[in-house]
């Protein structure tokens, strides 16, 4: 069964005002292209061409004018609107009517990856052992992320969301593979855990649910990875893309 892609590109980008005062964070340039182009190409280069994009705020028309139906990317786009910020898991749940019954590759709209994930997509399409793949990367500032604590066999023991005292420096990147049961899991998290103190349905709670089932696989991301959700990391991502383009010339 072919995996469907989900790009989560809502949010206000409040950390990047005034750049985001009149536009959405995911429309900002990462060197030579709008940020969301890089994210789309991570999916399409991995063999995923059926993509649903979750949008929010006042820039929906700008996204649709820019991206259209997806044919420019040899892809098919659907759009979903998120009324207000309620967390990654809530945004994902909004896509249920479109993608239910399929395995999913979910990516945050500000995550910039060097490599594609074609092999991992093929593996997950045929995987009957694991219900979820999480992609980890060692970082210098794990306090900003969901942090994975690993067992001796490199499996994930637990995930903490933005811990003050991280148990490792392995950040959970903004790429998640889920099997067809993901919406059942989100519904259980809503019922059993609910929204966090910051008013969000936390993807970390969803991922920990999979850990407790023993159905999660950790994959360490090769090459460059960064979120581009603050000034410093937007510049870091742009400089990386520029260096890669210079190598090709």
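Please treat every number below as a calculation from the coordinates, not as lab data. Treat the numbers as computed from the prediction; the structure is a model and nothing was measured. Counting neighbours? That spans all protein chains shown, and the Cβs are built from the backbone with ideal geometry, glycine included.
Restricting attention to the range 97-137, the residues being in contact with a strand residue (DSSP E or B) (Cβ under 6 Å, 6 or more places away or on another chain) and either part of a loop (DSSP other than H, G, I, E, B) or farther than 17 Å from residue 4 by Cα (or both) number 10. Just a yes or no: is a residue in the range 172-182 over 14 Å from residue 104 (Cα atoms) and buried (at least 22 other Cβ atoms within 10 Å of the Cβ)? Yes; the residues of the range 172-182 include at least one that is over 14 Å from residue 104 (Cα atoms) and buried (at least 22 other Cβ atoms within 10 Å of the Cβ). Against the list (1) in contact with a strand residue (DSSP E or B) (Cβ under 7 Å, 6 or more places away or on another chain); (2) within 26 Å of residue 231 (Cα to Cα), the condition residue 49 fails is (2).
Of everything in the range 138-151 that is part of a loop (DSSP other than H, G, I, E, B) and free of Cβ contacts under 8 Å to residues at least 24 places away in the same chain, the residue that is farthest from the chain's Cα centre (by Cα) is 151. Has the range 236-247 got any residue that is without any contact (Cβ under 8 Å) to a residue 40 or more places away in the chain, within 23 Å of residue 43 (Cβ to Cβ) and crowded, with 18+ Cβ neighbours inside 10 Å? No, that holds for no residue.
Among the residues making up the range 91-121, those that are under 26 Å from residue 195 (Cβ atoms) and within 13 Å of the chain's Cα centre (by Cα) are 91, 92, 104, 105, 106, 107, 108, 109, 110, 111. Residue by residue through the range 76-96, note down the ones that are part of a helix (DSSP H, G or I) and in contact with a strand residue (DSSP E or B) (Cβ under 9 Å, 6 or more places away or on another chain). Within the range 76-96, 88, 90, 91, 92 qualify. Selection of the range 17-31 for residues being more than 16 Å from residue 226 (Cα to Cα) and either crowded, with 20+ Cβ neighbours inside 10 Å or touching a strand residue (DSSP E or B) at 6+ places or on another chain (Cβ under 9 Å) (or both) yields 24, 27. For the range 157-167, what are the residues that are on the phi < 0 side of the Ramachandran plot, touching a residue at least 12 places away in the same chain (Cβ under 8 Å) and either exposed (fewer than 15 other Cβ atoms within 10 Å of the Cβ) or in contact with a helix residue (DSSP H, G or I) (Cβ under 7 Å, 6 or more places away or on another chain) (or both)? Listed by number, the residues that qualify are 157, 158, 159, 161, 163, 164, 166.
For (1) without any contact (Cβ under 8 Å) to a residue 12 or more places away in the chain; (2) under 21 Å from residue 241 (Cα atoms); (3) more than 13 Å from the chain's Cα centre (by Cα), each residue gets a yes or a no:
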{"site": "2", "(1), (2), (3)": "no, no, yes"}
{"site": "15", "(1), (2), (3)": "no, no, yes"}
{"site": "23", "(1), (2), (3)": "no, no, yes"}
{"site": "30", "(1), (2), (3)": "no, yes, yes"}
{"site": "39", "(1), (2), (3)": "no, yes, no"}
{"site": "46", "(1), (2), (3)": "no, yes, yes"}
{"site": "49", "(1), (2), (3)": "no, no, yes"}
{"site": "65", "(1), (2), (3)": "yes, no, yes"}
{"site": "74", "(1), (2), (3)": "no, no, yes"}
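With the requirement that a residue be outside any strand (DSSP E or B) and buried (at least 17 other Cβ atoms within 10 Å of the Cβ), what does the range 32-43 give you? 35, 36, 37, 38, 39, 40, 42, 43, listed by residue number.
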